[in-house]
Amino acid sequence: MRLLEGLRQRRVMEVSSTPCPSFDESLLILSDVHLGNDLNDLDPDGIRRSEKVDTDLASLLAHYRGTPPAGKRWRLVIAGDFIDFIGMTILPRGDAAALDTEPSEEEREHGLGNASDHARVKLRAVAARHRVVFDALADFVAEGHALTIVHGNHDVEFHWDGVKEEMLALLLETAVARGHVTHGGADAYQGRIEFAPWFYYVGGVAYVEHGHQYDTLCSTENGLAPLSPLDPRRIARTFSDVLLRWVVRPTRGVPEYGHDKMGLVDYVLLGARMGFGGLVRLFVRYLSAVVELFRLRRAHLSEATRALRQEHERRMGLLAEKTRLGIEKLRALAALQVPPVTVSAEKILASLLLDRLAVGLLATAAIAAVVLFAPYHSWITWASVAAVGGAWALAHRYFSSRRREWFGEKLDNDETLAERAGHLARLFPAAFVVMGHTHSPAMVPVAEGTATYVNVGSWHEAEPPADPEQAAHVYRAARTHLVIHPAPSGPVAQFLAWDGGGPRTFSDGPQRDS
């Protein structure tokens, strides 16, 4: 207990950049593990995470822990979404009785939120569920290797110092229990674990961030001060967060991923399969999500939001001074990000297809009025119907083009991230620009071939169904990772996938969530 108390008093270390380093570490980079995403008190018998992916990740960590690095040690860089805080639903009970942040009515219905103490309860539940991963991670650091956790959109709760301290405490407790750390070695152990709230940068070698800030459905308005203007004890919710909490998690059988690619008709068909009562419940949840999104839109216009922008600027200045990168370079980096959906009423309507639904209803009403009140079979009737139909087609085309402009052809961001990687390579000279977020592994030359964009894919998949034919169509995580070694002639990289017994060169095409 004394060891743990000492940890909780320790200042959390944040490292975001090494501009002019002597590159002497071997980097192991992976992303999107999403631990805890199947913790769902609202549907305990629902879709479960595959246990195989956890054992594979633990095997990978054990493999590299025992493999001599080309540098002085390994540094594991997790490029975001290691913990799936927003993807889990834990109802307030037990530990929640001692919470400093009283759960709101919404949190009592949908599960603990993103306040610091709420997130710490969630993190402890994740560590208990995914013991094999935490054991392997604790062993990796105990061996003398380093760990850097970059914040993603699903674990932006690492913004809170209390959550970082909880993560450090859990790893330290695990290492102590496994006989790897004594009192004298605790400080050294803690010192090898760092958090990067925005990006991790090794000059000339690698620039790493999650990538969600280039996705309007998942981006946060003030990345270094991502607090809610409605309640600064909580993190600001994104569009994706609202849909997950209000619609996806309470609805049986809906997967965590793919919901943002569903339209209104998809939800109606889903509700219809659930029966009339299910359709009504789904409609109420959907409507409640719309109301919440517009509540967030109003908050964007508040004085509290302006104060958060100032706090973000202040923290950006401190980061510029600490990293010696310069404030103008960080502002140029921030300018590449896209505003969240929740700052624009037009984007909210487009993201939910409500703009096209409204136009369709108006067109239907107009045609009905023409048929009822215009002279029967006259040219005026048919001309009016044609005019309404033409206006509907033009409006539909306009809204579709705007939707593609904002969200991409299929609401994916693979091309956007690759395009941004070219700009990043110019701002932060590096041989490799690395991201995650899309779960689609890729390796693409950018910046006129002077750098390589790598998306390191994901380590998240659902438990396959018992039926082999159905299991064949279930998304399987690529289990990809990037290794970068120092060498006299420059950094040497390998893009690899874990293949049960060990790493192999990754050569398969990109995989996507269904």
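The numbers here are math on the coordinates, done by the rules we state, and not lab data. The structure displayed is predicted, hence computed values, not measured ones. In this analysis, Cβ positions are derived from the backbone assuming ideal geometry, glycine residues included, and neighbour counts consider all displayed protein chains.
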- line: Distance in nm between Ala368 and Ala345 label points, each 7 Å along Cα→Cβ, equals 2.5
- line: Within the under-11-Å Cβ sphere about Arg73, not counting Arg73, Lys/Arg +1 and Asp/Glu -1 give a net charge of +1
- line: For Ala462, other-chain or 5+-apart residues with amide H closer than 5 Å (H placed, Pro excluded) are Ser50
query: Can you give the extra length, in nm with one decimal, that the chain gains between Val291 and Ala98 once fully stretched, where that is 0.36 nm per residue apart less the Cα-Cα distance?
result: 66.4 nm
- line: Charge tally for neighbours of Glu51 with beta carbon under 13 Å away, counting Lys, Arg as +1 and Asp, Glu as -1, is 0
